[in-house]
1. I need every pair where a residue in the range 21-37 that is part of a loop (DSSP other than H, G, I, E, B) has its Cβ under 7 Å from the Cβ of a residue that is small (Gly, Ala, Ser) and surrounded by 12 or more Cβ atoms within 10 Å (Cβ to Cβ), sequence separation at least 6 or different chains.
2. Checking the condition outside any helix (DSSP H, G or I), open to solvent by less than 40 Å² (accessible area, probe 1.4 Å) and either in the same structural domain as Met259 (by the TED database) or of a type outside the set (Phe, Trp, Tyr) (or both), which residue from Gly361, Gly346 passes?
3. Only one of (1) under 27 Å from Glu337 (Cβ atoms); (2) exposed (fewer than 15 other Cβ atoms within 10 Å of the Cβ); (3) not small (Gly, Ala, Ser) fails for Phe289. Which number is that?
4. Name the residue that is nearest to the chain's Cα centre (by Cα), counting only residues in the range 120-148 that are within 30 Å of Thr53 (Cα to Cα) and open to solvent by 50 Å² or more (accessible area, probe 1.4 Å).
5. Looking at Arg178, Arg261, Arg230, which is the one that is of a type outside the set (Phe, Trp, Tyr) and modelled with pLDDT under 95?
6. Considering each of Val344, Val325, Val336, Val353 in turn, give the residue that is closer than 24 Å to Thr374 by Cβ, hydrophobic (A, V, I, L, M, F, W, C) and more than 23 Å from the chain's Cα centre (by Cα).
Amino acid sequence: MTSTVRYRGDDAPVETDEEFRTRLRAFLSEHHPGKRPKDPAERLAWQKAWLATLFDAGFAGPSWPREYGGMELDFTRQVIYQEEYAKARVPGPLGTGLGIAAPTIIKYGTSEQKERFLRPMLRGDAVWAQGYSEPEAGSDLQALRTTARRDGDEYVVNGQKVWNSSADIADVIFTLVRTGAPDSRQKGISYLLIDAHAPGVTVRPLRDMTGDAHFCEIFFNDVRVPVSRRIGEENGGWPLVRTSLGHERAAGAMNQAAMYRRVLDELVELAHERGATADPLVRDRLADFEMRVRIMRYTGMRTIADIMAKGEPGPASSTSRLFIVTFEQDLHEFAVEMLGAHGVLGRRDPHAVQRGRWVWGFLRTRASTIGAGTAEIQRNTIAEQVLGLPRDPAMPPR
């Protein structure tokens, strides 16, 4: 990537792209928050302190508008930011609000809602969690059953959500509710912001096959939510959902490309240490991963460019999402196979290679093709909305 000199209106040169990279890299190095605490409460405080440090120094929200505390970087510098951030190995965002709820509020929220919610979210003062999927409405999200009954200036919410990341530490749950008739599907859905600490909200962690609790289930029992915390019109939440999901897939594309650049380098180093690169089949697989990481980076760059040009990532974000999740599954399957007998040792086993990180990654990525829309849903989206193929009659109506 070439360095570009910027000029102010008076023709005075300002910071070049490479000078920006150097300044960002120096900040991330000098203010690195140190080792991740093991205690959950200490870890949460540690991560919040880091996000506040970023925000206060003007290094938060690379794509966010400046009026809401962001950096509003151009395309080149957003790419630089994501690359350097991943290399620095500093904490990422808390919750799922930054990449999903924030773009929705910026586009559809009122001035009061933007002023109230955006800056605290970006600074890490308030943690946001998504409440979309339900036990009987996951891939078919339009079939959701959680209801919100209007009672004056409030909604009374009842129902259950599941597979919710960060709900156990959340302050706000952005969720979808049924405000229309039971059979209204997408025409009867509204978008609400619910106080996670309100009476009637219960959050229960769900332990997965890694032994950790990365997801939760949420129960709403007569939870009262002010109408002022609805984003958009009543029964008009479905277009907002499409914005949210598109940005969720786009937000992770460039960051994950930068992260997996580092992860693949570490896997290649491990293969060298174990003598596995003497096998031509291993070298062939590593070469394949190298090509896919590079494709991932270019796809992430394209997604950022689409958002900057159109304001939306569009259905093409599904191609990025599908590419990334299949890649990370393949990568960790290969790593476990390469480890041989050590590939069955978990993180707590004293003989585990690199503290069992590759085995843990293998287990964790089993769910990759389910979260944020299953791989099957992504393929349908790509087929119909990107390639223009006929609609699958087996799929539920929009």
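1. That search, which allows pairs on different chains as well, returns His32/Ala88; Pro33/Ala49.
2. Every option except Gly346 fails the conditions.
3. Condition (2) is where Phe289 drops out.
4. For the range 120-148, the residue satisfying everything is Arg123.
5. Among Arg178, Arg261, Arg230, only Arg261 is of a type outside the set (Phe, Trp, Tyr) and modelled with pLDDT under 95.
6. After applying the criteria, what remains is Val336.
Okay, residues lined up against (1) over 30 Å from Ala309 (Cα atoms); (2) at pLDDT 80 or above:
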| residue | (1), (2) |
| --- | --- |
| Asp208 | yes, no |
| Phe220 | yes, yes |
| Val225 | yes, yes |
| Pro239 | no, yes |
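Results for (1) within 21 Å of Ile100 (Cα to Cα); (2) in the same structural domain as Cys216 (by the TED database); (3) at pLDDT below 95; (4) crowded, with 17+ Cβ neighbours inside 10 Å, shown as yes or no for each residue.
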site: Arg150; (1), (2), (3), (4): no, yes, no, no
site: Tyr155; (1), (2), (3), (4): no, yes, no, yes
site: Trp163; (1), (2), (3), (4): yes, yes, yes, yes
site: Pro199; (1), (2), (3), (4): no, yes, no, no
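The values are calculated or read from the model by the stated rules, or taken from the named source; none is laboratory data. Not measured: the values here are computed from a predicted model. All Cβ positions, glycine included, derive from the backbone under ideal geometry; neighbour counts span all protein chains shown. Only protein heavy atoms, including side chains, enter the accessible area calculation; ligands, DNA and RNA are left aside. Shrake-Rupley method; radii C 1.70, N 1.55, O 1.52, S 1.80 Å.
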